[in-house]
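One structure is given here, and the rest of the page talks about it.
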Amino acid sequence: MTSFSALQSIVNFLKAHPPFSFIAIEDLYSLAEEVELVFFAQNESIFRMNQPPNAYFYIVKKGAIRLTQEQDNIAVLVDECATGDVFGVRAIFAEDTYLSSATAAEDSLVYKVDVEKAKKIVQDNSRVAMYFASIFASGLSMHKDEERKARRFLVQKEDWFFNSAGIDTIQIQPQKAVITCLLEKSIQYGATLMTRHKVGSLVLVNEQGHPAGIVTDTDLRKKVIAKGQSSDLPLLTVMSSPVLTIGLGYSLLEVLLIMTAHKVSHLCITEDGSTQSKVIGIISQRDVLLLQGNNPAVIAKHIQQSEDIDLIRHLRDQAEKLVHSYLYQELAIPLISNIITEINDTLIEKAVHLAQAKLTDKGLPPPDVKFCWLSLGSEGRKEQLLRTDQDNALVYEDTHDEEKAVAHRDYFLQMTKEVTRLLVHWGFVECAADIMASNPTWCQPLSQWENYFEEWISFPDEKAVMNMTIFFDFRPIAGEFALADRLKQYIFDSIQRNSAFLSYLAKNALQNLPPLSFFSNFIVEKNGEHKDLFDIKARAMMPLADAARIFMLEFNLPIYGSTFERFEAVSKLEENLKDICTSAALAYEIFIKHRALTGFNEDNDGRYINPKDLNKLEKQILKNAFETITKLQKILEVRYQVNYLQ
Amino acid sequence: MIKWLKKQQVRSKCKQNQLAKPLCTYIESCDRIRTDLPFQENKYIVFDTETTGLDAHKDRIISIAGVVVQRNAIIYRQSFEKLIKQERIGNKESSPIHQILSQDLAEAQAEEEVLQDWLSFTRGAVLVAHQASFDVNIVQHHVLKLFDIPLFNPYIDTFTLARRLDKASIDSSPTSNQAYDLDTLCERFQIKIEQRHTAMGDALATAELFLHLVQHLKERGNQKTKHFIS
């Protein structure tokens with residue numbers, strides 16, 4: 001027997017809290033039937049770390065639930081859930097043991113929901129599933145342990161640490177500005193201290209100077225401000241404790257391993273490495289990343305200084321390994337692509353420099369006109385994580401002297417041939433479609449480039465559109481950048497004159513519809529070499545990159561940016577597009593990472609993934625990312641009035 | 001004493017097959033309740049009634065609602081809420097409170113039907129209500145009238161539990177009684193009453209209150225069901 005109004009009380013609660021607020025009311029009533037309200041007394045356990053999952057997930061109705069991880073019999077606070085927070089939800093996606101223990105921090109009322117029965121309702125509501133997955137993917141976590149789990153979802157190799165360059169040899173140094181504070185001091189005092197010293201964390205010590213806990217920005221935000229906690233209380237009420245300590249003499253690798261194993265973001269350095277000795281420093285995950293961040297810089301510097309093309313090739317390989325390790329460390333994709341872009345750009349600059357030197361040696365000094373080397377396509381968008389094809393072009397200044405024009409043309413062609421040859425030597429494959437600066441068509445003075453773009457923009461036929469997706473993403477790498485800026489401005493002006501162009505481009509972008517039937521029926525290649533594989537580049541990444549490009553052109557974005565950066569810039573310019581651009585950037589990050597990992601594992605460009613290799617969570621996350629594409633395409637359709645186009 | 005005799009009389013009627021089967025099943029199930037078991041091993045039904053007034057012998061029940069609490073959890077899908085068809089229910093005192101008017105009872109069922117269902121629903125359960133003696137008495141009055149049996153469920157009063165928690169004396173002044181009415185207690189335990197003065201709204205709030213009170217009293221060593229029974 002069930003009373004409608006009894007269920008109504010749950011539905012009223014659920015519909016006020018995301019992600020349940022996305023579920024249709026009638027589905028909420030079915031869900032409500034699977035809900036029970038449970039009372040947990042303060043300190044009562046709900047589930048324990050390493051236990052197999054219950055058949056339930058939980059929503060806090062009232063009170064607070066602490067998620068902790070036990071390390072050497074000590075509980076470290078991972079997160080605290082308040083009204084409306086969902087926890088223990090991972091069971092929906094992955095069948096694995098709990099990564100943390102849940103305990104009532106105070107008397108609490110918690111809705112428990114039968115997972116098996118709720119599963120269908122959640123899965124049928126893509127926005128709900130998206131919510132869970134996007135939390136995983138975005139780092140906007142309800143629950144750090146689950147987010148971490150989800151972020152690890154792509155990691156298959158255990159030995160990734162050892163592939164990375166250098167991190168096993170760099171020794172940690174105690175950070176100079178470790179700020180300590182007595183446990184009993186007030187939160188207010190601690191916050192003032194952190195602000196004054198511009199630090200993000202504070203080590204709390206007892207009278208002997210031994211570490212007792214850590215307070216971070218996050219603690220203050222989550223435990224004090226968000227809860228309206230009085231700042232007169234002592235710091236020990238909000239600290240994370242105990243502190244994990246290490247001594248000096250550890251390598252970065254070891255530090256990272258400790259942090260990963262214990263799932264903490266800070267380690268305290270003490271005199272003898274134990275908690276019973278004086279604090280001499282603190283090292284955060286961020287510090288480690290920054291220290292590692294020196295490595296690509298070091299490699300880039302070596303490349304700059306070297307004249308030995310075989311050594312440079314070796315450095316490039318080393319850099320690639322580094323990127324590989326970053327991917328497995330789940331660093332943010334924009335950070336990784338920035339690093340690899342920096343290295344690739346350095347290589348190209350080096351190649352241009354070496355090519356010019358070689359020509360000079362042969363008695364061909366550089367002419368008196370300026371040139372600019374342009375990277376195109378994904379390299380132009382700073383999105384290369386792998387060695388893909390070379391896509392590049394050269395633009396140089398015009399001259400009125402016809403004789404000189406021929407000489408310039410010869411010189412730049414010889415130069416570009418040498419550059420592309422070097423790049424091939426360093427592992428960049430030649431472009432199959434010959435879109436390279438060494439192709440006379442794509443090695444032209446500025447006026448000719450303006451003609452090209454004018455032609456493509458005024459008469460956008462299919463081939464032109466295909467070219468455009470590559471050429472509009474140009475980015476200056478070496479030589480005179482002002483030439484690129486002039487070309488960019490010309491393009492913006494030309495688009496102003498040809499108002500239908502963006503609609504045409506939008507229409508074209510809509511042709512690559514995302515595979516919405518992803519779950520039931522993956523859209524895979526029907527035949528050929530890639531039969532039964534899924535083309536993540538064409539079906540997932542291109543639609544997003546296309547949309548970002550159209551926005552870039554509409555909003556005259558002056559940046560030579562990546563797809564993320566374009567979405568990001570637009571989200572700041574146009575309130576209406578803010579939400580969609582934010583999720584689109586996230587979706588792109590997911591795809592690019594997926595592609596990169598597939599590429600590394602299979603030693604190819606990662607373009608084709610086998611749906612059979614995906615686990616449930618990966619499928620879920622990809623599916624959700626596809627939803628963003630669909631939404632974005634609807635927006636394009638309306639914004640650029642695609643339907644009016646014949 | 002009279003109630004005990006009545007119960008004995010009814011039980012022997014059952015043995016002689018002189019009572020309808022569903023009623024006997026209800027009686028047997030309640031007789032099987034063991035109040036000396038640990039609290040969480042029994043089933044509880046937290047309930048509330050809306051009535052035409054406060055006189056258990058003269059007034060009539062307009063609606064009755066209850067929800068199951070078992071092992072410290074409110075089990076929403078095991079819930080009961082019915083309106084009872086009554087003649088001329090409007091009056092100056094109670095109508096403004098429950099706001100159920102005669103015309104709202106179009107969908108209501110006959111009293112006999114509802115109370116018979118209620119007895120099936122509450123089989124083997126300990127009843128719980130706020131100021132329970134009134135709700136239990138008025139239900140019992142009508143059950144007696146219709147079926148000639150008393151209620152066999154033991155019952156728990158959350159009002160009494162709350163006072164016990166505060167060690168308030170039973171005969172305290174009316175002002176202090178006010179501190180134990182449902183609204184005040186819900187405020188104290190930060191329980192939101194979704195639909196005050198509907199039978200289900202009050203029953204759900206009382207159920208949450210019950211979970212809190214039981215927990216606090218358990219901490220004081222009350223571990224068995226009988227420690228909570230009025």
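The values are calculated or read from the model by the stated rules, or taken from the named source; none is laboratory data. No experiment lies behind these values; they were computed from the predicted model shown. As a convention, Cβ positions derive from the backbone with ideal geometry for all residues, glycine included, and neighbour counts pool all protein chains shown. We work out accessible area using only protein heavy atoms, side chains counted, and drop any ligands, DNA or RNA first. Shrake-Rupley method; radii C 1.70, N 1.55, O 1.52, S 1.80 Å.
For the range B:100-114, residues that are open to solvent by 60 Å² or more (accessible area, probe 1.4 Å), within 14 Å of another protein chain (Cβ to nearest Cβ) and under 20 Å from B:Asp135 (Cα atoms) total 1. Checked against (1) within 18 Å of A:Ala482 (Cα to Cα); (2) open to solvent by 10 Å² or more (accessible area, probe 1.4 Å); (3) of a type outside the set (Lys, Arg), A:Ser458 meets all criteria but (1).
Filter the range A:58-79 down to the residues that are at pLDDT 80 or above and touching a helix residue (DSSP H, G or I) at 6+ places or on another chain (Cβ under 7 Å), then identify the one that is nearest to the other protein chains (Cβ to nearest Cβ). Before you say what the answer is, go through the steps one by one.
Within the range A:58-79, the subset at pLDDT 80 or above is A:58-68.
When the remaining residues are screened for being touching a helix residue (DSSP H, G or I) at 6+ places or on another chain (Cβ under 7 Å), the result is A:61, A:67.
Values: A:Lys61: 9, A:Leu67: 21 Å.
Among residues in the range A:58-79 that are at pLDDT 80 or above and touching a helix residue (DSSP H, G or I) at 6+ places or on another chain (Cβ under 7 Å), the one nearest to the other protein chains (Cβ to nearest Cβ) is A:Lys61.
Here the condition is being out of contact with any Cys (no Cβ under 6 Å at 6 or more places or on another chain), at pLDDT below 75 and open to solvent by 20 Å² or more (accessible area, probe 1.4 Å); of A:Lys634, A:Lys623, it holds for A:Lys623 alone.
All told, A:Glu602 meets the bar of being at negative phi and more than 16 Å from the chain's Cα centre (by Cα).
Scanning the range B:42-61 for residues that are under 18 Å from B:Leu127 (Cα atoms) and out of contact with any Lys or Arg (no Cβ under 8 Å at 6 or more places or on another chain) returns B:Lys43, B:Tyr44, B:Ile45, B:Val46, B:Phe47, B:Asp48, B:Thr49, B:Glu50, B:Ala56, B:Ile61. The one condition from (1) out of contact with any Ser or Thr (no Cβ under 8 Å at 6 or more places or on another chain); (2) surrounded by fewer than 22 Cβ atoms within 10 Å (Cβ to Cβ) that B:Leu119 does not meet is (2). The residues on offer are B:Ile100, B:Ile89, B:Ile74, B:Ile84, and the sole one that is modelled with pLDDT under 90 and touching a helix residue (DSSP H, G or I) at 6+ places or on another chain (Cβ under 6 Å) is B:Ile89. Applying the selection to the range A:422-470, what residues are within 27 Å of A:Asp308 (Cα to Cα) and of a type in the set (Phe, Trp, Tyr)? Within the range A:422-470, A:Trp426, A:Phe428 meet the criteria.
Which one of A:Lys612, A:Lys631, A:Lys593, A:Lys578 is more than 23 Å from A:Arg549 (Cα to Cα) and among the basic types (Lys, Arg)? Give the steps one after another, and end with the answer.
Details: A:Lys631 fails: more than 23 Å from A:Arg549 (Cα to Cα); A:Lys593 fails: more than 23 Å from A:Arg549 (Cα to Cα); A:Lys578 fails: more than 23 Å from A:Arg549 (Cα to Cα).
Selected residue: A:Lys612, the only one of A:Lys612, A:Lys631, A:Lys593, A:Lys578 that is more than 23 Å from A:Arg549 (Cα to Cα) and among the basic types (Lys, Arg).
In this structure, A:Val424 does not qualify as β-branched (Val, Ile, Thr), part of a loop (DSSP other than H, G, I, E, B) and under 31 Å from the mean Cα position of the chain (by Cα).
Find the residue count for the range B:84-99, including only residues that are open to solvent by less than 20 Å² (accessible area, probe 1.4 Å) and either touching a strand residue (DSSP E or B) at 6+ places or on another chain (Cβ under 7 Å) or among the acidic types (Asp, Glu) (or both).
Kept after step one, since they are open to solvent by less than 20 Å² (accessible area, probe 1.4 Å), are these residues of the range B:84-99: B:84, B:89, B:94-95, B:98.
Next, from what is left, pick out any that are either touching a strand residue (DSSP E or B) at 6+ places or on another chain (Cβ under 7 Å) or among the acidic types (Asp, Glu) (or both): B:84, B:89, B:94, B:98.
Looking only at that region, the number is 4.
Looking at A:Ala55, A:Ala16, which is the one that is within 12 Å of another protein chain (Cβ to nearest Cβ) and either out of contact with any Phe, Trp or Tyr (no Cβ under 7 Å at 6 or more places or on another chain) or over 30 Å from A:Val76 (Cβ atoms) (or both)?
On the way: A:Ala55 fails: within 12 Å of another protein chain (Cβ to nearest Cβ).
Unique residue meeting the criteria: A:Ala16.
With respect to A:Lys117, determine if the residue is modelled with pLDDT under 75 and within 14 Å of another protein chain (Cβ to nearest Cβ). Criteria met by A:Lys117.
So that you can scan it fast, the table gives a plain yes or no per residue for (1) among the aromatic types (Phe, Trp, Tyr); (2) within 14 Å of chain A (Cβ to nearest Cβ); (3) in a loop (DSSP other than H, G, I, E, B); (4) touching a residue at least 12 places away in the same chain (Cβ under 8 Å):
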{"site": "B:His141", "(1), (2), (3), (4)": "no, no, no, yes"}
{"site": "B:Leu151", "(1), (2), (3), (4)": "no, no, yes, yes"}
{"site": "B:Arg163", "(1), (2), (3), (4)": "no, no, no, yes"}
{"site": "B:Asn177", "(1), (2), (3), (4)": "no, no, no, no"}
{"site": "B:Leu213", "(1), (2), (3), (4)": "no, yes, no, yes"}
{"site": "B:Asn222", "(1), (2), (3), (4)": "no, yes, yes, yes"}
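Mind listing just one residue for me: the one in the range A:31-50 that is at pLDDT 85 or above and open to solvent by 50 Å² or more (accessible area, probe 1.4 Å) and, of those, farthest from the other protein chains (Cβ to nearest Cβ)?
Step one: of the range A:31-50, the residues at pLDDT 85 or above are A:31-48.
Narrowing the set further to residues that are open to solvent by 50 Å² or more (accessible area, probe 1.4 Å) leaves A:33, A:42-44, A:48.
Numbers: A:Glu33: 5, A:Gln42: 9, A:Asn43: 11, A:Glu44: 9, A:Arg48: 18 Å.
The qualifying residue farthest from the other protein chains (Cβ to nearest Cβ) is A:Arg48.
In the range A:19-28, of all residues being open to solvent by less than 50 Å² (accessible area, probe 1.4 Å) and aliphatic (A, V, I, L, M), the one that is farthest from the other protein chains (Cβ to nearest Cβ) corresponds to A:Ala24. Residue under question is A:Met552, and the condition is that it be modelled with pLDDT under 90, more than 22 Å from A:Ile609 (Cα to Cα) and surrounded by 19 or more Cβ atoms within 10 Å (Cβ to Cβ); does it hold? The answer is no for A:Met552. Of all the numbered requirements in (1) open to solvent by less than 40 Å² (accessible area, probe 1.4 Å); (2) at positive phi, B:Ala207 misses one, and that requirement is (2).
Of the residues that sit in the range B:195-211 and are part of a loop (DSSP other than H, G, I, E, B) and in contact (Cβ under 8 Å) with a residue 40 or more places away in the chain, which one is nearest to A:Leu7 (Cα to Cα)?
Filtering the range B:195-211 down to residues part of a loop (DSSP other than H, G, I, E, B) leaves B:195-198.
Those left that are additionally in contact (Cβ under 8 Å) with a residue 40 or more places away in the chain: B:197-198.
Numbers: B:His197: 17, B:Thr198: 14 Å.
By that ranking, first place goes to B:Thr198.
The set of residues in the range B:186-202 that are acidic (Asp, Glu), open to solvent by 60 Å² or more (accessible area, probe 1.4 Å) and under 17 Å from the mean Cα position of the chain (by Cα) is empty. Counting just the residues of the range A:9-32 that are among the β-branched types (Val, Ile, Thr) and in contact (Cβ under 8 Å) with a residue 60 or more places away in the chain, which one comes out farthest from B:Ala199 (Cα to Cα)? Here the residue is A:Ile23.
Among the criteria (1) without any contact (Cβ under 8 Å) to a residue 60 or more places away in the chain; (2) surrounded by 21 or more Cβ atoms within 10 Å (Cβ to Cβ); (3) facing chain B (nearest Cβ under 9 Å); (4) within 37 Å of the chain's Cα centre (by Cα), the one A:Ala6 does not fulfil is (4).
Does the range A:203-243 hold any residues that are basic (Lys, Arg) and touching a Ser or Thr at 6+ places or on another chain (Cβ under 9 Å), and which are they?
Let us first name the residues in the range A:203-243 that are basic (Lys, Arg), namely A:221-223, A:227.
Scanning the range A:203-243 gives a single hit, A:Lys223.
For the range B:57-76, residues that are open to solvent by less than 10 Å² (accessible area, probe 1.4 Å) and more than 7 Å from every other protein chain (Cβ to nearest Cβ) total 7.
Inspection of the range B:7-30 finds no residue satisfying the criterion of being open to solvent by 10 Å² or more (accessible area, probe 1.4 Å), more than 12 Å from chain A (Cβ to nearest Cβ) and either assigned to a strand (DSSP E or B) or at pLDDT below 85 (or both).
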